[in-house]
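Read through the structure below, which is laid out as structure tokens, and then see the notes.
Taken together, the values in this text are just the output of simple stated rules run on the coordinates, not laboratory data. Since the structure is predicted, the reported quantities are computational estimates derived from the model, not experimental observations. No Cβ is skipped: glycine too gets one built from the backbone with ideal geometry, and neighbour counts run over all protein chains shown.
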Amino acid sequence: MKTQSTENYIEEIGRMKAEKNAIILAHYYQTDDIQDIADFVGDSLALSQKAASNNADIILFAGVKFMAETAKILAPEKKVILPDLNAGCSLADSCKPKDFEKFIKENPGRTVISYVNTSAEIKALSDIICTSSNAVQIVESLPANEKILFAPDRNLGNYILNKTGRDMIIWNGTCHVHEEFSLEAILKLKGENPSAKIIVHPECELPVRMIADFIGSTSALLQFTKNDSSTSYIIATEGGIIHQMKKINPDKIFIPAPPRDSTCGCSECSFMKLVTIEKVYNCLKNEKPEILLEKDLLIKARKPIKRMMEISEKLGL
Ligand code: 13P
Ligand code: SF4
């Protein structure tokens, strides 16, 4: 049940959004209450597309820092605010610009494709950005003999490599949520729910991907539960997505896959969950913390994101 103050925050957020011509973009991993007050909820690709095309003066990003930075890069004339600047990403943090520059130098002659889960500095060192929604298609859009350097997620990288068979060198990064799923616990759940389909994000480790009935980005997983005829699913990604799954499939059952070291039984991204309704309220009221990027960095980082968006548009993604 919502507390009185939560109701007040929600009302005030609605009023300030109209007064300031602001929109709230939220990722599927946000808490239910934040997803419900957002103007748009989506995966990384859809959120980038929305950030690039809206009429708001202020974008409040309910998500993590790399997502808010991407919004700023695509909409530099707008004020982009993030409720908590500590909302980082373990995967983005696993790839530091100095180390990445060295990695590129050690592997010359390769097209550098970076996952959107990277800092603006890593994007500026890249040729093309991808998200989990379009990664396979972005790689396939390149000539078959093109040599690729992929960063930072080794699991997504290996997933793409297996799908495309391309010549790829992959950075050794992982996400603290997706690498932690317990194969044993998922198999136990499957034993208890034999008709449940196992659906998995490509950031998961190979053993978990191997037992999946379906692998896809957050939006692809959501779409799968809508179109598929099964009635129950074991979900191996961050638990926040289950809110939208339940909304569009009220009669289906969704079972969160537990991490290896489970106290709560579901997987949470500690960074995503730093954003709260109270912080959204304060952020919109004070119009800060604001995402600010050096102009030079912004221009360099925009190029590979634009390239991704052009390819995605061309392919109708
Ligand atoms: P999606 O692009 O599938 O929404 O994933 C984002 C993310 O951070 C996965 O951990
Ligand atoms: Fe980053 Fe993992 Fe959180 Fe996604 S779930 S934002 S990859 S730490």
Cα extents of the range 1-131 along the principal axes, largest first, in whole Å, come to 57, 30, 20
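Thinking of the range 249-317 as a set of Cα atoms, what percent of all their pairs are more than 20 Å apart?
On the way: 1590 of 2346 pairs.
Tail of P(r) above 20 Å: 68 percent of Cα pairs.
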Hey, if you put +1 on the Cβ of every Lys and Arg and -1 on every Asp and Glu Cβ in the chain, which of LEU292, ILE13, PRO250 ends up farthest toward the positive end of that dipole?
-> LEU292
Please work out the Cα center distance from the range 279-317 to the range 49-73, rounded to the nearest Å.
-> 5
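Which pairs break 26 Å Cα to Cα here: LYS50/LYS288; LYS72/LYS252; LYS79/LYS247; LYS50/LYS96; LYS50/LYS300; LYS96/LYS197?
Over 26 Å apart, Cα to Cα: LYS72/LYS252; LYS79/LYS247; LYS50/LYS96; LYS96/LYS197.
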For the range 140-220, what is the convex hull volume of the alpha-carbon atoms per residue, in Å³?
-> 100
Value of relative contact order over the range 138-255, rounded to a whole percent, pairs C-alpha under 8 Å and six or more apart | 21
So for the chain, Kirkwood radius off the Cα pairs, Stokes-Einstein at 37 °C and 0.692 mPa s: how many µm² s⁻¹?
-> 163
Could you list MET210, MET67, MET308, MET16 in order of exposure, starting from the residue whose Cβ has the fewest other Cβ atoms within 10 Å?
-> MET210, MET16, MET308, MET67
Rounded to the nearest 5, what % of the DSSP beta bridges within the chain are antiparallel ones?
-> 5
How many percent of all Cα-Cα pairs in the range 183-317 sit more than 24 Å apart?
-> 48
Toy charge model, Lys and Arg Cβ at +1, Asp and Glu Cβ at -1: the range 166-260 dipole around Cα centroid in debye, rounded to 20, equals 300
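When the Cα atoms of the range 71-206 are enclosed in a convex hull and the volume is divided per residue, what value in Å³ results? Please list the in-between numbers first.
Working: hull volume 20.4 nm³, N = 136.
Value for the range 71-206: 150 Å³ per residue.
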Counting helices only, and only those DSSP H runs with n ≥ 4, report the 222 nm mean residue ellipticity of the chain as the sum of -39,500 (n - 2.57) divided by its residues, in deg cm²/dmol to the nearest 500.
-> -13000 deg cm²/dmol
